[in-house]
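Colleague: Here it is, the structure in full.
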Amino acid sequence: MTEAPMTEAPTDPAADPAADPAADQLAELRRWLAEHWDPDLSLRRWRELLADSGWACPSWPQRWCGRGLPAGIARELSAELRRAGVPGPPEGVGMMLVAPVLLEHGSDELKDRFVRSTVTGEITWCQLFSEPGAGSDLAGLGTTAVRDGQEWLVSGQKVWSTGAATADFGLLLARTDASVPKHQGIGAFVLPMRQPGVRVRPLRQMNGHSSFNEVFFDTARLPAGWLIGEAGGGWTVARATLAHERRLAEFRDATLAGAEGLAWREAAAERAAAAEPHKWYPQRAGRPDLVIPQARAHGRAADPVLRQEVARLIEMSWSARWMADRAAAARAAGRPPGPEGSLGKLASSRIARQAARVHAMIAGASGLLAGPQSELGGVIAEIAVSVPGISIAGGTDEIQRTIIAERILGLPREPDPSKTMPFRDIPKG
Ligand SMILES: Cc1cc2nc3c(=O)[nH]c(=O)nc-3n(C[C@H](O)[C@H](O)[C@H](O)COP(=O)(O)OP(=O)(O)OC[C@H]3O[C@@H](n4cnc5c(N)ncnc54)[C@H](O)[C@@H]3O)c2cc1C
């Protein structure tokens, strides 16, 4: 069951031209904060107040931690919460992907069971999509979910699962029917991670970090009602999730400066733990911010060849920022995430590669040295080995180009006979 659209306005401003719903809501939020914010509250208690008042996620439906407000007003309210210097809902996959997808596609039972506990930070999530043989071709996934009475039994393997070692639940895609074409035989599920049928093994990356995991399912179990949507409707859920994921790049970290009290101490500890797998992500984005200081430090700021490359980087970064602003304005106007996410994703890859190239031109061979005594304490070397990840995570550059070609430019679709044949007849391996 899908809820009423989250963008639906509860009042009609046209009925009273003097009314300013945003100003009214802001005033109400300020009054509420003055009455309820107490830095000595525990983080959990504070988030329970936020969730139950609807200020945690103002665009979500009232029954599930929101106020049913239009997205534009909700953004202003979230900005006001940040200005007020209070901790917000937890960051990460639960709030950014799972809860929005449950609100769009989950049953009321699933929303009741999982949305509030996600907003309060009581439970954490990971995403169980990619498999060793199904990354770009995600619809070719082979992990199976078989109905057995009041349960689903899950067998197979996932890979690249960020946070799977600590998550309480996973958003899982699994094959429910191999006799139909691949996109039609997938289910989306909520899978409890802490059970005997689930084994998680961390991976080690070439930049030395360990952010991802392999996850093995050996008859893992979940309740029948924890299917999201219909048994063959998992692909719709997957697409909704990926659309939310492609705009994760805009996520903004609220500052902790000057924050005091128990709630903030707990929020800082939680944030540090959540940020651990992502602490190399600035390097993955190429660190364009370091390019000009590095050129100056190496006495290369007047080098005409280098200046051309820096100018190219700045030009790419600025146009990507304007495109992101345009997408944000579209969302504020209540439009759902669209294919512009692919343009932004592709732009981030190109910017990261150009920044890495400029860093290599500036640092020369010394930029390959890792460790604390090397160029910028190893940051330049870390950029070189982290940048390739941005062109792969969340859909590779080639896949983004296909999406742009087909959905934005309207070019003919890539031929794929496996789209129409039963999944079990598709040659594997
Ligand atoms: C940093 C990072 C974080 C990640 N985080 C997660 C996560 O949290 N959860 C999760 O589920 N997954 C995650 N992934 C996995 C990621 O989604 C996959 O790696 C990605 O979709 C590519 O799949 P693959 O690795 O199987 O490569 P393949 O799909 O095998 O692709 C190999 C190469 O072939 C190209 N290719 C494939 N198909 C086509 C085509 N039709 N046309 C043109 N070229 C094609 C690709 O572009 C690529 O260059 C992460 C990956 C990275 C690098």
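The values are calculated or read from the model by the stated rules, or taken from the named source; none is laboratory data. Given the structure is predicted, the values throughout are model-derived calculations rather than measurements. A quick note on method: Cβ atoms are made from the backbone with ideal geometry, for glycine too, and the neighbour counts reach across all protein chains shown. Quick note on the areas: whole protein, heavy atoms, side chains included, nothing else; ligands and nucleic acids left out. Shrake-Rupley method; radii C 1.70, N 1.55, O 1.52, S 1.80 Å.
Colleague: Using only alpha carbon positions, build the gyration tensor of the chain, then give the equivalent ellipsoid semi-axes as the square roots of 5 times its eigenvalues, largest first, whole angstrom.
Modeller: 34, 31, 23
Colleague: Right, here's the next one. How high is the FRET efficiency from ALA79 to GLU35, r the C-beta distance, R0 22 Å, rounded to 0.05?
Modeller: Plugging the Cβ-Cβ distance into 1/(1 + (r/R0)^6) gives 0.60.
Colleague: Could you compute the longest span of the chain free of trypsin sites (Lys or Arg not before Pro) located in DSSP loops and having at most 13 other Cβ atoms within 10 Å, not counting the site residues?
Modeller: So the longest stretch without any such site is 1-193.
Colleague: Using the eigenvalues of the Cα gyration tensor, what equivalent ellipsoid semi-axes result for the range 20-147 when each is taken as the square root of five times the eigenvalue, whole Å, largest first?
Modeller: Numbers: eigenvalues 212, 50, 36 Å².
Working from the Cα gyration tensor, I get semi-axes of 33, 16, 14 Å.
Colleague: So for the chain, if I pair up every lysine 8 or more residues apart or on another chain, how many of those pairs have alpha-carbons under 28 Å apart?
Modeller: 13
Colleague: Would you mind checking which residues have amide H under 5 Å from GLU131's amide H? H placed 1.01 Å from N; only 5 or more apart, or other chain.
Modeller: For GLU131, whose amide H was placed from the backbone, the distant partners under 5 Å are VAL159.
Colleague: Contour minus end-to-end for ARG307 and ASP325, with contour as 0.36 nm per residue of separation and end-to-end as the Cα-Cα distance?
Modeller: 3.8 nm
Colleague: Could you calculate the contour length gain from GLN195 to GLU414, that is, 0.36 nm times the residue separation minus the distance between their Cα atoms, to one decimal place in nm?
Modeller: Stretched fully, the GLN195-GLU414 segment lengthens by 74.8 nm.
Colleague: Leaving out ligands and nucleic acids, and using a 1.4 Å probe, what accessible area per residue does the range 271-429 come to in Å²?
Modeller: 57
Colleague: For the range 85-220, what is the convex hull volume of its Cα atoms per residue in Å³?
Modeller: Considering the Cα atoms of the range 85-220, their hull volume per residue is 135 Å³.
Colleague: Could I have the simple spin-label model distance between ARG401 and ALA297, label points 7 Å from Cα toward Cβ, reported in nm to one decimal?
Modeller: That separation, rounded to one decimal, is 3.4 nm.
Colleague: Report the full-extension gain for the segment ILE392 to TYR281: residue separation times 0.36 nm, less the Cα-Cα distance, to one decimal in nm. All intermediate terms of the calculation are to be shown ahead of the outcome.
Modeller: Details: separation 111, 0.36 × 111 = 39.96 nm, distance 1.31 nm.
Additional length available on full extension: 38.6 nm.
Colleague: Also: With the dipole of the chain worked out from charges on the C-beta (+1 for Lys and Arg, -1 for Asp and Glu) around the Cα centre, which of TRP55, PRO372, ALA240 lies farthest toward the positive end?
Modeller: Positive-end residue among those listed: PRO372.
Colleague: Please state the charge dipole magnitude for the chain, taken about the Cα centre, from unit charges on C-beta atoms (+1 on K and R, -1 on D and E), reported in debye and rounded to the nearest 20.
Modeller: Taking the Cα centre of the chain as origin, the dipole is about 1240 debye.
Colleague: Using the Cα gyration tensor of the range 355-395, with a ≥ b ≥ c the square roots of its eigenvalues, what is the shape: rounded (a/c below 1.5), prolate (a/b larger than b/c) or oblate (neither)?
Modeller: Numbers: a/c = 3.47, a/b = 1.76, b/c = 1.97.
It is oblate, given that a/c is not under 1.5 and a/b is not larger than b/c.
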